[in-house]
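Here the structure is laid out as structure tokens; the discussion comes afterwards.
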């Protein structure tokens, strides 16, 4: 199960989402990838507390985040349940006063006087699920519950992390990082002290939910939306595709400008998260090439098949670079950080980056291209077979 570290570093891979060939500039490579995608709304962005209609019955909201990744996209879908007209919300933002205020403005200006009937969450990361409890409570009435809908694995993981003070065991986390080469004791002590990160952004989960599963069809208003499950980024990520509208709500599985965080952490220490992620994005290949993709970060775009291939190519190049280093000597995940992240990293970013480095090493290890041994200091080292 992929562990959530901290939304501040969740997708901080802004400088590594493009191929980084020697002698080429980041900006030119980024521009090249950008030109391959079509942004039908151009540079339009929803104003604070307002929405932009992107398809019939589909509105785009954008909430600010207090991190380097400074926003999340949320979606309003026109709905009708049990004879009641209203809206389904997809994703929520983290729980903080500013986000509640933005939502209150949306309630006043964008709902046409109708209620929120249910809340769908793509996965358990705080910027997606943090305000689910508040939204469900706000819109529930004695006659009708505003229910949370999400996958079982992500609901249970979020519930676990939110209920416990140290929902993700920080002592085990520090041991995991040390076993992959992080040996700075001050840094490890800071990791051990992170006991409330998740709960600060997700203080509660609704006590009941409706389960979403792969292939499930949801009737939302006058349209059917199909659930497409994804792995490697979250325990059981749910994307939604509407064939009638040719619209994909991709969550974090397919993003237009940055590469999704794919990491291995202490809860599932031998995971092959990168293989899971790459297999998962291939589930979107049968969708039409002109599908309008609504991502959680960045702008709505067309060019789904192109973007999938860009992501595969990105990881092929990173894997080749890691393999090249491992042919020269046995390496730890900490050793390959400069290969994958070519900029200075603070502690938050280092722990995030270590998870990604382990994921790349594990992909090669599970493929039989690397062997893994533990040295006398207890550090896992990977060498070419």
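Which of the peptides 77-89, 346-358 is most tightly packed, and how do the rest follow, judged by the mean count of other Cβ atoms within 10 Å per residue?
My ranking of the peptides, most packed first, is 346-358, 77-89.
Can you put 67, 231 in order of Cβ neighbours within 10 angstrom, beginning with the fewest?
Numbers: 67 17, 231 23.
Going from least to most buried by this count: 67, 231.
Helix 304-328: angle to the longest alpha-carbon principal axis of the chain, degrees 0 to 90, nearest 10?
Tilt relative to the chain: about 20 degrees.
Using a 10 Å cut-off on Cβ atoms, rank the peptides 145-158, 313-326 from the highest mean neighbour count down.
Highest-to-lowest ranking by the protection proxy: 145-158, 313-326.
With a Förster radius of 25 Å, plug the Cβ-Cβ distance of residue 290 and residue 70 into 1/(1 + (r/R0)^6) and report the FRET value to the nearest 0.05. It would help to have the intermediate numbers written out before the result.
Details: r = 29 Å, r/R0 = 1.17.
The value I calculate is 0.30.
Take each of the peptides 208-215, 263-270, 35-42, 249-256, average the number of other beta-carbon atoms within 10 Å over its residues, and list them starting from the highest. Please list the in-between numbers first.
Details: 208-215: 13.9, 263-270: 18.9, 35-42: 12.1, 249-256: 25.8.
Highest mean packing first, the order is 249-256, 263-270, 208-215, 35-42.
In whole Å, how far is the Cα centre of segment 291-342 from that of segment 209-255?
When both Cα centres are located, 24 Å separates them.
Taking the chain as the reference, fit the longest principal axis to its C-alpha atoms, fit the long axis of helix 170-179 to the helix C-alpha atoms, and give the angle between the two in degrees, 0 to 90, nearest 10.
Result, in degrees: 40.
In Å, what Kirkwood hydrodynamic radius results for the chain from the alpha-carbon pair distances?
Computed over Cα pairs of the chain, the Kirkwood hydrodynamic radius comes out at 21.4 Å.
Mind pulling the angle between the C-alpha long axis of helix 347-366 and the longest principal axis of the chain? Nearest 10 degrees, somewhere in 0 to 90.
Value to nearest ten degrees: 70.
Which whole-number percent is the relative contact order of the chain (Cα, under 8 Å, 6+ apart)?
That works out to 18 percent.
We did not get these values from a lab; they are worked out from the coordinates using the rules stated. Bear in mind the structure is a predicted one, so any value in this text is a computation, not a measurement. Glycine gets a Cβ as well: all are built from the backbone with ideal geometry, and neighbour counts include every protein chain shown.
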